[in-house]
Amino acid sequence: MSTRRPGEPLTQDGVGEPDELERLWTPHRMAYIRGENKPPDASANQCPFCRVPTLDDVDGLVVHRGRLSFAVLNLYPYAPGHLMVCPYRHVADYTDTTDEEAAEIADLTRTGMRVVRSVSGAVGFNLGMNQGAVAGAGIAAHLHQHVVPRWPGDQNFMPIIARTKTLPELLSQTRDLFAGAWPR
């Protein structure tokens, strides 16, 4: 039991007294929090969504490559199996896509939903594009459609209380499952 009262400073060594809570450490999240993979500017040569297609599929977490766009796992997923569909072209606004790009983004989104559902049994999805930094786009300079699978009870206490999300497998394993299930 702690003898420190609320608002009272920690001990001089900065450690404080144990509160008997267990900790789940997610040090990989610090790269996201610090913005280490976020481009410093909006130019295509700094954009991770422009860089990913230059990598091999495994290293880039690419699930499928289309003619004008590709499906890739989110490096910082909201939920297990979180895909993104991105045009190859460095374009920020959905209204600036060509008709062909918009059609392929829609088609890859539908196929991605089918693949995720068949592999993981997802029963729902959140789909969306955050247009602009004020709308929540982490990388506003390059359009990307989120495909986030959902299951009953998937939003449990972890994100709410512990500000932590749990993932049941490595991203590379998820990529392999999805890529193997993607229709040829």
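The values are calculated or read from the model by the stated rules, or taken from the named source; none is laboratory data. As the structure is a computational prediction, the values presented were derived from the model and not from experiment. Reconstructed Cβ throughout: ideal geometry from the backbone, glycine too, with neighbour counts over all protein chains shown.
Some notes on this structure:
- Pairs, first assigned to a helix (DSSP H, G or I) in region 94-110, second of a type in the set (G, A, S), C-beta under 7 Å, six or more apart: E101/S69; E104/G66; E104/S69; I105/S69; L108/G66; L108/S69; L108/A71
- The set of residues in region 48-83 being among the hydrophobic types (A, V, I, L, M, F, W, C), out of contact with any Lys or Arg (no Cβ under 8 Å at 6 or more places or on another chain), over 24 Å from N126 (Cβ atoms) and surrounded by fewer than 18 Cβ atoms within 10 Å (Cβ to Cβ) consists of L55 alone.
- Looking only at region 34-68, and only at residues there that are farther than 28 Å from V119 by Cα and not in a loop (DSSP other than H, G, I, E, B), the one that is modelled with the highest pLDDT: Q46
- The listed residue being at pLDDT 90 or above and over 19 Å from R51 (Cα atoms), out of G136, G81, G132: G81
- Enumeration of residues in region 70-93 that are of a type outside the set (F, W, Y) and in a strand (DSSP E or B): A71, V72, L73, L83, M84, V85, C86, P87
- Figure legend. Inter-residue proximity from region 51-65: first residues without any contact (Cβ under 8 Å) to a residue 40 or more places away in the chain, second residues in a loop (DSSP other than H, G, I, E, B) and surrounded by 15 or more Cβ atoms within 10 Å (Cβ to Cβ), beta-carbon distance below 8 Å, spacing 6+ or different chains. Indicated pairs: V52/L61; P53/Y88.
- Which listed residue is touching a helix residue (DSSP H, G or I) at 6+ places or on another chain (Cβ under 7 Å), modelled with pLDDT of 95 or more and among the small types (G, A, S), from A106, A71, A102: A71
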